Each structure stands twice: as structure tokens, then as C-alpha cells.
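Each reported figure results from applying straightforward, stated rules to the coordinates on display, with no laboratory input. Note that the structure is predicted; figures quoted are calculated from it, not measured. Cβ: placed from backbone, ideal geometry, glycine included. Neighbour counts: every protein chain shown.
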Amino acid sequence: MLPDNMLALEPLIIKPDYFDFDTCTVTPEEEGGKMAGIYWSVKDQSDHLIVLHGCRGDHYYFPRVRKDLVEFFS
């Protein structure tokens with residue numbers, strides 16, 4: 001949970017070095033006291049399901065609920 005929801009308005013900075021293809025990565029706390037982040041890599045994807053690598057061997061499943069929506073993950 002964000003200590004201050006206004007942090008969500010700051011630009012998203014993606015650091016490719018933090019991605020691990022087999023598990024999630026919890027980043028160290030950034031300079032300036034900002035929260036640590038979590039990076040999830042994609043394990044599998046199809047037209048109707050995206051599977052992300054979670055932490056400690058977990059997997060997170062995101063099915064397409066509505067076929068008339070176009071969804072993007074970045």
C-alpha cells in the first residue's frame with residue numbers, strides 16, 4: 001500500500017536489470033525514501049490468459065474477462 005496515494009502520479013521508471021525470468025524481484029528501496037517495487041516476468045501468455053511469475057514459486061493468472069476489451073501490460 002502506498003503511504004501517500006500521490007506517489008502513483010509520479011512517472012513510472014522501469015529498470016530492466018531488475019527483471020528475473022523465473023521469479024519476481026523485489027527492488028531495494030530507492031534513493032529519496034521511495035518505496036521498493038516488485039517486478040513480475042511473464043511465464044506464459046495466450047489470447048485469453050496471461051501468467052506471471054510470482055514470488056516464492058507462485059504464479060498469477062490474469063484471464064481476459066471480456067472479449068471486447070483490448071488490454072495491454074507493460
Short version: ³J(HN,Hα) in whole Hz for each residue of the stretch 53-64, in order, from phi by Karplus 6.51 cos²θ - 1.76 cosθ + 1.60 (θ = phi - 60°), x for Gly and Pro, what are they? 6, x, 7, 6, x, 6, 10, 10, 10, 10, x, 6
L49 paired with I13, simple spin-label distance in nm, labels 7 Å along Cα-to-beta-carbon: 3.7
